[in-house]
1. How many nm separate the modelled label positions at I4 and N204, each set 7 Å beyond the Cα in the direction of the Cβ?
2. With a ≥ b ≥ c the root eigenvalues of the C-alpha gyration tensor of region 232-273, is it rounded (a/c under 1.5), prolate (a/b larger than b/c) or oblate?
3. Can you work out ³J(HN,Hα) from phi for every residue in region 144-150, in order, using Karplus 6.51 cos²θ - 1.76 cosθ + 1.60 and θ = phi - 60°, giving whole Hz and x for Gly and Pro?
4. Take the alpha carbon gyration tensor of region 79-176, find the square roots of its eigenvalues, order them as a ≥ b ≥ c, and report rounded if a/c is under 1.5; if not, report prolate when a/b exceeds b/c, else oblate.
5. Nearest 500 deg cm²/dmol is fine: what mean residue ellipticity at 222 nm does the chain get from its DSSP H runs of n ≥ 4 alone, each adding -39,500 (n - 2.57), divided by its residue count?
6. Looking only at K53, K26, K63, which one moves most when the chain is put into a Gaussian network model with springs between Cα atoms under 10 Å?
7. Leaving ligands and nucleic acids out of the surface, order M15, M184, M107 by accessible area at 1.4 Å, largest first.
8. Please identify the chymotrypsin sites (Phe, Trp or Tyr not before Pro) of region 1-110 that satisfy two criteria: DSSP loop assignment and at most 11 other Cβ atoms within 10 Å. Which are they?
Amino acid sequence: MTLIPFDDRDGFIWMDGKIIPWRDAKIHVLTHGLHYGSCVFEGVRAYGGKIFKLREHSERLIKSGELLGFTIPYSLEQLEQAQRDILAKQNIQNGYLRPVAWRGSEMMAISAQKTKIHVAIASWEWPSYFSKDAKERGLKLQLSKWARPAPNMAPTASKAAGLYMICTLSKHTAEAAGFDDALMLDYRGLIAEATGANMFFVMNGELHTPTPDCFLDGITRRTVMELAKKRGIKVIERHIKLEELAQATEVFLVGTAAEVTPIGLIGEQAFTVGEITKQLMDDYSKLVLS
């Protein structure tokens, strides 16, 4: 498979209010967002030319910027229209959108009060995040040595770029060991999430999910909770200990990229791709295509 670099592609990107050629969407090497992590982003999917949960993602982008101390210089409606515009310009039916906002290069120090806030939105065709084979057998997860930080240690309610470095480290280590992804605990040693998706556990016919008090309360997570409740499945948000994995019969990930993906193995503990997981996979697929 030939790797196509993301900086050398045909097409267009929306950047600072204009649609420009893809290769012209550049920033300076001394950009504050690169050096200090003052950057927030969203991951958004489109199905059949329609952007799924556009309002929720756009609202969260604005909120993430606020949590990092800056104001995105576009209204909610402008951000939504920009995403529709670039999706149409790219002529994408089923794909991914990446809105991103960052502090510019006017100041190069910890203090960055006078930096300009930039915004860009790219879109491209993107199939399933995990392979069909992996989704059918269930993913294999390794336990990460990295923990999600406490909310007084980082802006954990934001989708901030810097928070994902430990996710990259965790996923790289897991893949090198033959796993698909990694299970991350939080600062207390409780189950948190995978590297880029929230988690659900089927226990005694009920759906249990960790309380998102130090990691992102995902948009897909909330969507799946609603789907489960419509099916009459009891949903319980709570702190979940690692040793409680032994009580789970099914486990699955949810996220904009992951959609609903079953887990077959965590460490050495196996799980079935059961009926509740299959039902919610089907319900989610129907919802995004409706």
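The values are calculated or read from the model by the stated rules, or taken from the named source; none is laboratory data. Because the structure is a prediction, the values reported are computed rather than measured. In this analysis, Cβ positions are derived from the backbone assuming ideal geometry, glycine residues included, and neighbour counts consider all displayed protein chains. The accessibility values were calculated without ligands, DNA or RNA, using every heavy atom of the protein model including side chains. Shrake-Rupley method; radii C 1.70, N 1.55, O 1.52, S 1.80 Å.
1. 5.1 nm
2. Details: a/c = 1.61, a/b = 1.10, b/c = 1.47.
Judged from the Cα gyration tensor, region 232-273 comes out oblate (a/c at least 1.5, b/c at or above a/b).
3. Listing the rounded values in order: 7, 7, 8, 10, 5, x, 5 Hz.
4. Working: a/c = 2.79, a/b = 1.12, b/c = 2.49.
Oblate, since a/c reaches 1.5 and b/c is not below a/b.
5. Numbers: 7 runs with 78 residues, N = 290.
Taking each H run of at least 4 residues, the total per residue is -8000 deg cm²/dmol.
6. K26
7. Values: M15 30, M184 0, M107 50 Å².
These residues rank, largest area first, as M107, M15, M184.
8. Values: sites: F6, F12, W14, W22, Y36, F41, Y47, F52, F70, Y74, Y96, W102; in loops: F6, F52, F70, Y74.
Counting only loop positions with at most 11 other Cβ atoms within 10 Å, the chymotrypsin sites (Phe, Trp or Tyr not before Pro) in region 1-110 are F6.
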